[in-house]
Amino acid sequence: MFDNIELRLSVVDPVFSVIEMIGLVFLLMLVSEAAWDVFSGYRKSLKETGANIFISIVNSVLERLAFGAIFVVGIFASEKLAVSEVSLSWWSWLLAVLLADLTYYWMHRFEHRVRLLWTYHSVHHSSPEFNFSTALRLAWVEALFTWIFFVPMVVIGFDPAQVIGALAVVIAYQSWIHTEKLGKVRILDAVLNTPSNHRVHHGRNRIYLDKNFGGILIIWDKLFGTYAPETEEVLFGITKPVGSSNPFVINFSETALMLKEVFRPGPMKLRLGRIFMPPGWSDNAKPRRNKTSEDQQAARRKLN
């Protein structure tokens, strides 16, 4: 099974070729947006942008050396559990992308609601800025976890290579939605994950917490009760800011904080709660996150 992985992955070569071209366009958009922000004075510093780019470069190296292989091997290994076989065809590709998008929704929701998973996903949310470079700010250890969520697609019969390709489409789609430059587009906002919908997801405003988890389609959020429209100015970042542009601090500060809490004295039940309960969970089972004073003073301006 593992001997011909490279050959089997050739099935998705056309998909990755298109994604590479999209990547070049995205890079041009990223540079243009950054130049405009600096020229206009909107982006006062490039520290966050530089951190995002550095994190992306390290991610690329890790994916080629080890973590990418773990993801691919994990997906292909789960093929032994398959209970059926879905043939490769145009309709199976459409279905694979749809199911990958639905799976992404639930994975994304778990990443916000399970502290262990939040330790790496918080990396993406930790920037106080929201621009194209934010799309590059993905945790270095993310690939060690994400493949697990897509095993069910292989189990029901989808080709592992097709699953990987479908997920790549879902991820690639989201590159363009990390921007403040595009306002609301009501027709698209009703169905798709758009810049407006995704700004909500990155907001630390109380009304925006844990909303809009969809990858491509926002209809999943509407179906499962996690949708919120953009109704007030978004405050970007997390409720407990990292306070650093150091890529290593960005990647591991939340993990260090969780471990510190886990090793605090207390019964095993409480220690496990600090790992598997939602972020902000306390030993006294208080609400997840409290509204910050900054939230109370800002974000009152209604958007059209």
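Table: residues versus (1) buried (at least 17 other Cβ atoms within 10 Å of the Cβ); (2) under 24 Å from Met107 (Cβ atoms); (3) at pLDDT below 95.
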position: Val185; (1), (2), (3): no, no, yes
position: Val191; (1), (2), (3): no, yes, no
position: Ser196; (1), (2), (3): yes, yes, no
position: His202; (1), (2), (3): yes, yes, no
position: Gly214; (1), (2), (3): yes, yes, no
**Q.** Members of the stretch 247-283 that are in a helix (DSSP H, G or I) and in contact with a Lys or Arg (Cβ under 7 Å, 6 or more places away or on another chain)
**A.** Met258, Glu261, Val262, Arg274, Ile275, Phe276
**Q.** Qualifying position, being surrounded by 15 or more Cβ atoms within 10 Å (Cβ to Cβ) and within 26 Å of Lys211 (Cα to Cα), among Ser56, Ser92
**A.** Ser56
Q. Looking only at residues in the stretch 215-255 that are touching a Leu at 6+ places or on another chain (Cβ under 7 Å) and not charged (D, E, K, R), which one is farthest from Ala168 (Cα to Cα)?
A. Thr231
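The values are calculated or read from the model by the stated rules, or taken from the named source; none is laboratory data. These figures come from a predicted structure and were not determined experimentally. Every residue, glycine among them, receives a Cβ derived from its backbone with ideal geometry; neighbour counts consider all protein chains shown.
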